[in-house]
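The values are calculated or read from the model by the stated rules, or taken from the named source; none is laboratory data. This is a predicted model, so every value here is computed, not measured. Neighbour counts run over all protein chains shown; Cβ positions are idealised from the backbone, glycine included. We work out accessible area using only protein heavy atoms, side chains counted, and drop any ligands, DNA or RNA first. Shrake-Rupley method; radii C 1.70, N 1.55, O 1.52, S 1.80 Å.
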Amino acid sequence: MTRPDPLDDSAGDRNRRLVASLLDGDHRALARVISRIEDRAPGHRDLVSRLYPRTGDAEVVGITGSPGAGKSTLVDKLAAAYRDRGDTVGVVAVDPASPYSGGSVLGDRIRMAATVGDMDVFVRSMSARGRLGGLSTATTDAVNALDAFGKDVVLVETVGAGQNEVDIVRTADTVAVVAQPGSGDDVQMLKAGILEIGDVFVVNKADMNGVDRLIADLEEMLHRGGSGGAPVSAGGHHGASVGANTPETGPGGGDSAGRESGSDPGTGGDIPSWDPRVVTTVATGGDGIGDLVDAFDAHASYLQESGAGRERARSRYAAEIRRLIREDANALLDAEIRRRGGVDALAERVLAGDTDPYTVASEVVEPIADIVNDGRLPREATDDAGDTADDSNNAADERGPDGDA
Amino acid sequence: MSADSGGERARPVRCLIAKVGLDGHDRGAHVIARAFRDAGFEVVYSGLHRAPEEIVQAAVQEDVDVLGLSILSGAHNTLVPKVIEGLEEYGARSDTLLIVGGIIPEADRDGLRDMGVAAVFGPGTPMQETIDFVRENVRPRPDDPV
C-alpha cells in the first residue's frame, strides 16, 4: 500500500505506534496526533491516511457566528446534552492568531464548564497561525482523528468572519450559524457568505430584546430568496450561486462542500432539499438546547435518507483532494523558485529592468507545464508505484477525466 | 516551502495558563497570557476556579509544552501535587514544563521544586525572564525525531 510521504523506518514505526495507541483509546496519543497534524509535522500525511479507514462514523457539526454570539457557551451545553444521552464528544475550537507575533490566546475553554473532568469530551483549541488555505485542511484532519478515536459527535467551532472560517465549517455534515438579537449588523454580516451554508440557524440569547425581529429577518432571508445568493428554499431549490467558486474550491468549483447542489433545478429533483431551521436558545441557561440537538438530528437523518449526505461527502473529498494537490504543487513551485536562486533574486532582475514578472513566472512554470501538456506523468505507475510517486499519482488521477493522451 | 506541505515549520510553544482552586485573582494570569501571546506562543487560558482534574484534562487534550499555574490563594502545597499526579496518570508528566506563578512564600518554593515544578515566578518577575525561561526549558517531545 502506498503511503503519502516517504518515511524512514523510525518515523513509520512512530506513526504505527501512535495510531495503535489512539485506536486503543489513549487520550494522550490522540492529543499528540492532533499536534502533529496541526504542526504539519513530517509524516503527518502518513498519519492521516492510517486514520482514514476508521473515519466516517462521527456526526460532524460546524458552529459559526459572529464574536460574542455565544458559540462557546452553546458548544459547552451541546457537549453536555450529547453526553447525557451517552454520546462521546470531540470539540475543535478555532481561534484567530495575532498577525503581529503569530501568537494567540485560545479562550474557548473558559466557557467549558458543563463537562469538566469528563475525558469523554475531548476539547482541542486550534490557532489559525496565520496560514491561509491550510487551516481547513488541519481542521478536517483533526476532526478525522477525533472520528477515528471513536467520538460519536464532533463539534467544530469557529468565528464566522471570513472565507477561511466558512471553509472550515462547510466541511461539517451539519452547519449551525449562531446569531444574537440586538445587533442589527449581525444579519448583514450573515448575508456575506454565511447564510448560504447554514442548515440550522440559532437565535441565541433569546431572552434579550429584539428576538422577534431577528427571527423575522432570518426567516425572510431564508424563505423569500433575499439577496446575494441567499437560499430560496421555499421554492424547493437553492440559489444558483451556492457553491460558486471560492478560493477553496477554485476553478471548476461547483463542488463545494456547502449546501446540496443536487437540489439545483439543473440536476433534477433526485435529492429533496433541506429547509433550514431556525432554533431559539438561551445557551447560558440551557434553554432550547434540546431543540437544537433535535434539529441537528433531523438534518443528520435528512442527509442519510435523502442521499444528500453522500453528495456532501463526495464534494468534501473533492475539495480536499484539490486542496492537497494545490499544496503539493505549491511546494514543487517553491522548490523550483529556490533552485533559481530564490524569489528575491528573480525580483532583483525585474528591478534591474532585465525582465518583467510575467516573463519570470512563465519561465519558472514552463518546464512543469511542458510535462503536463505532454502527458508525461507516470500514469502507468499509479497502481504499483512506490511511496514517493504518490503525489504525482494524485495529480494524474485528477487529470484523468480530461483525457491526457 | 509552503507552510503546510513541509515539516520545516517550527512548532510554536503551546502553553496552558491555568487558575486553580478557589482563587479569583486572575490579573496576573491575564498579563502573562498576553505576554506569552506577544512572544509568539499559543496560549490556552483555562478561566477561573478550575479543579486540578480539569487542568490535567486541558493540559493533556491540548498537548501543551508548558503548564503555568497561577495560584494566589495559598493552597499551592495542596493543589500542585494533585495536578502533578494527574499528569502522571496520563503519561504527560515528563514532557510538560510545569511553572508556578503568584504568591508563593519563599519557604515553600524548594518544596514545590522537589515535587517537579521547574520554576516559581513571584510578583515583580520581569516578563522577559519568564519568557526566556520557557524558551530555554521547553522539553523536546519524546517521539519527535532526534
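Let's see how each residue does on (1) at pLDDT 90 or above; (2) over 29 Å from A:Leu135 (Cα atoms); (3) not hydrophobic (A, V, I, L, M, F, W, C):
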{"residue": "A:Ala313", "(1), (2), (3)": "no, no, no"}
{"residue": "A:Tyr317", "(1), (2), (3)": "no, no, yes"}
{"residue": "A:Arg326", "(1), (2), (3)": "no, no, yes"}
{"residue": "A:Ala329", "(1), (2), (3)": "no, no, no"}
{"residue": "A:Leu332", "(1), (2), (3)": "no, no, no"}
{"residue": "A:Val350", "(1), (2), (3)": "yes, yes, no"}
{"residue": "A:Asp356", "(1), (2), (3)": "yes, yes, yes"}
{"residue": "A:Thr359", "(1), (2), (3)": "yes, yes, yes"}
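Applying the criterion of being loosely packed, with under 13 Cβ neighbours inside 10 Å and not polar (S, T, N, Q) to the residues of the range B:112-128, the residue that is nearest to B:Ala59 (Cα to Cα) is B:Asp114. Just give me the residues in the range B:65-98 being free of Cβ contacts under 8 Å to residues at least 40 places away in the same chain, in contact with a Lys or Arg (Cβ under 7 Å, 6 or more places away or on another chain) and not β-branched (Val, Ile, Thr), in sequence order. Answer for the range B:65-98, where residues must be free of Cβ contacts under 8 Å to residues at least 40 places away in the same chain, in contact with a Lys or Arg (Cβ under 7 Å, 6 or more places away or on another chain) and not β-branched (Val, Ile, Thr): B:Leu87, B:Tyr90, B:Gly91, B:Ala92.
Considering the range A:8-39, and only residues there that are charged (D, E, K, R) and outside any helix (DSSP H, G or I), the residue that is farthest from the chain's Cα centre (by Cα) turns out to be A:Asp8.
Among the listed residues A:Arg32, A:Arg28, A:Arg40, A:Arg17, identify the single one that is in contact with a Phe, Trp or Tyr (Cβ under 7 Å, 6 or more places away or on another chain) and not assigned by TED's automatic domain parsing to the domain that holds A:Val293.
None of the other options fit; the residue is A:Arg28.
Within the range B:31-53, being in a helix (DSSP H, G or I) and either open to solvent by less than 10 Å² (accessible area, probe 1.4 Å) or in contact with a helix residue (DSSP H, G or I) (Cβ under 8 Å, 6 or more places away or on another chain) (or both) holds for B:Val31, B:Ile32, B:Ala33, B:Ala35, B:Phe36, B:Pro52, B:Glu53. Looking across the range A:53-72, the residues that are open to solvent by less than 20 Å² (accessible area, probe 1.4 Å) and part of a strand (DSSP E or B) come down to A:Val60, A:Val61, A:Gly62, A:Ile63, A:Thr64, A:Gly65. Among the residues of the range A:285-305, those identified as open to solvent by 20 Å² or more (accessible area, probe 1.4 Å), of a type outside the set (Phe, Trp, Tyr) and over 18 Å from A:Lys205 (Cα atoms) are A:Asp294, A:Asp297, A:Ala298, A:Ala300, A:Ser301, A:Gln304, A:Glu305. Scan (1) touching a residue at least 60 places away in the same chain (Cβ under 8 Å); (2) loosely packed, with under 15 Cβ neighbours inside 10 Å; (3) not in a helix (DSSP H, G or I) for the single condition B:Gly101 breaks and write down its number. Checking B:Gly101 against (1) touching a residue at least 60 places away in the same chain (Cβ under 8 Å); (2) loosely packed, with under 15 Cβ neighbours inside 10 Å; (3) not in a helix (DSSP H, G or I), the one that fails is (2). Out of the range A:81-122, which residues are open to solvent by 10 Å² or more (accessible area, probe 1.4 Å), facing chain B (nearest Cβ under 7 Å) and either modelled with pLDDT of 95 or more or not in a helix (DSSP H, G or I) (or both)? Scanning the range A:81-122 gives A:Ser98, A:Ser101, A:Gly102, A:Val105, A:Gly107, A:Val116, A:Gly117, A:Met119. Could you tell me whether B:Arg109 is of a type in the set (Lys, Arg), modelled with pLDDT under 90 and surrounded by 15 or more Cβ atoms within 10 Å (Cβ to Cβ)? In short, no. Screening B:Ser73 against (1) in a loop (DSSP other than H, G, I, E, B); (2) more than 17 Å from B:Lys19 (Cα to Cα); (3) among the small types (Gly, Ala, Ser) leaves a single unmet condition, (2). Would you point out which residue out of B:Ile71, B:Ile84 is surrounded by fewer than 22 Cβ atoms within 10 Å (Cβ to Cβ) and under 14 Å from the mean Cα position of the chain (by Cα)? Going through B:Ile71, B:Ile84 in turn, just one is surrounded by fewer than 22 Cβ atoms within 10 Å (Cβ to Cβ) and under 14 Å from the mean Cα position of the chain (by Cα): B:Ile84. None of B:Glu54, B:Glu42, B:Glu62 is facing another protein chain (nearest Cβ under 7 Å) and free of Cβ contacts under 8 Å to residues at least 24 places away in the same chain except B:Glu54.
Residue by residue, here is whether (1) modelled with pLDDT of 90 or more; (2) under 20 Å from A:Glu38 (Cβ atoms) holds:
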{"residue": "B:Arg11", "(1), (2)": "no, yes"}
{"residue": "B:Ala18", "(1), (2)": "yes, no"}
{"residue": "B:Gly21", "(1), (2)": "no, no"}
{"residue": "B:His30", "(1), (2)": "yes, no"}
{"residue": "B:Asp38", "(1), (2)": "yes, no"}
{"residue": "B:Glu42", "(1), (2)": "yes, yes"}
{"residue": "B:Tyr45", "(1), (2)": "yes, yes"}
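Applying the set (1) within 9 Å of chain A (Cβ to nearest Cβ); (2) crowded, with 16+ Cβ neighbours inside 10 Å to B:Gly28 leaves exactly one unmet item: (1).
Suppose the filter is more than 9 Å from chain A (Cβ to nearest Cβ) and touching an Asp or Glu at 6+ places or on another chain (Cβ under 6 Å); does B:Leu98 pass it? So B:Leu98 fails the test. Note on the range A:134-164: among residues that are within 14 Å of chain B (Cβ to nearest Cβ) and open to solvent by 30 Å² or more (accessible area, probe 1.4 Å), the one that is modelled with the lowest pLDDT is A:Asn164. Scanning the range A:29-50 finds no residues that are surrounded by fewer than 20 Cβ atoms within 10 Å (Cβ to Cβ), away from chain B (no Cβ under 14 Å) and closer than 18 Å to B:Ala58 by Cα.
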